[in-house]
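Chemist: Okay, handing you the structure first.
None of the figures in this text is laboratory data; all of them are computed from the coordinates on show. Keep in mind the model is a prediction, meaning the values are calculated, not measured. Neighbour counts run over all protein chains shown; Cβ positions are idealised from the backbone, glycine included.
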Amino acid sequence: MSLLLSLRSHVLPDPKALAQKLTLLSDIAFASVTERTMAISPDIMERLLDGLSRFLIDVAEAAREVAPIRTPEVAAYELQCSEAAIVTARDAIRLRDRDMARDPLRQVTDRLGIPLDETDPDWQRLAYRASRIILNAKEENFRRDHGAYSTSTAVFSRALTSEVAARSISQLWWS
């Protein structure tokens, strides 16, 4: 079904205004149709996945910061557990088992105050993407447990780039 209207007019601004109104009406019609068929919008999906990523990394980092000293045996055992978690996450992705993502997504949606309908057709896509993020987070946390960080701390980075800090350190060093 299509709508065909002539924009011919003897006054030039009239067709332009009419075309803008028609564009606005078609945008509104398109939005109303997509809202009914796409319950989890891309921006909400992005917010959820971003929140999940931050949550998984930040929680593990906060736990490392306050964790007591560990023996080499305990460290080796915990790293084996991390490796097993990574293998489990890979298997879930390989089998397209989205249950692994269900609870973390529920926690993030509760935190962000976003209602989530797990019967929604976009739930499968969201859960699959969340599963990949969970795998990425487990791999990143595994590296961090080994002491391998991909970037320097913010304070250290600022210290390296700050001329004032460099001068004051060199003055202390050479005095």
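Chemist: Please report, to two decimal places, log10 I(q)/I(0) for the stretch 68-110 at q = 0.21, 0.29, 0.30 Å⁻¹ as given by the Debye formula with identical point scatterers on the Cα atoms and no solvent.
Modeler: -0.76, -0.92, -0.94
Chemist: While we're here: Largest first and in whole Å, give the semi-axes of the stretch 33-118's equivalent ellipsoid, each being the square root of 5 times a Cα gyration tensor eigenvalue.
Modeler: After diagonalising the Cα gyration tensor, the semi-axes are 33, 17, 8 Å.
Chemist: Specify whether the C-alpha gyration tensor of the stretch 89-128 places it in the rounded, prolate or oblate class, a ≥ b ≥ c being the square roots of the eigenvalues: rounded for a/c under 1.5, otherwise prolate if a/b is larger than b/c and oblate if not.
Modeler: Working: a/c = 3.33, a/b = 1.65, b/c = 2.03.
Oblate, since a/c reaches 1.5 and b/c is not below a/b.
Chemist: If you take every residue apart from Tyr128 with its C-beta less than 13 Å away from the C-beta of Tyr128, what net charge results, scoring Lys and Arg +1 and Asp and Glu -1?
Modeler: Within the 13 Å Cβ shell, the charges total +4.
Chemist: So, counting K/R as plus one and D/E as minus one, what does the shell of residues with Cβ under 13 Å around Asp58 add up to?
Modeler: Numbers: positive: Arg54, Arg64, Arg111, Arg144; negative: Asp50, Glu61, Glu65, Glu140.
That sum, taken over residues with Cβ under 13 Å, equals 0.
Chemist: When the Karplus curve 6.51 cos²θ - 1.76 cosθ + 1.60 is applied with θ = phi - 60°, which whole-Hz ³J(HN,Hα) does each residue of the stretch 47-63 get, with x for Gly and Pro?
Modeler: Each residue's phi maps through the Karplus curve to give 4, 5, 5, 5, x, 4, 4, 4, 4, 5, 6, 5, 5, 5, 5, 5, 5 Hz.
Chemist: In a shell of Cβ-Cβ distance under 13 Å around Val108, excluding Val108 itself, what net charge do Lys and Arg (+1) and Asp and Glu (-1) give? Mind showing how you got there, number by number?
Modeler: Numbers: positive: Arg47, Arg54, Arg102, Arg106, Arg111, Arg129; negative: Glu46, Asp50, Asp58, Asp103, Asp110.
Cβ neighbours under 13 Å give a net charge of +1.
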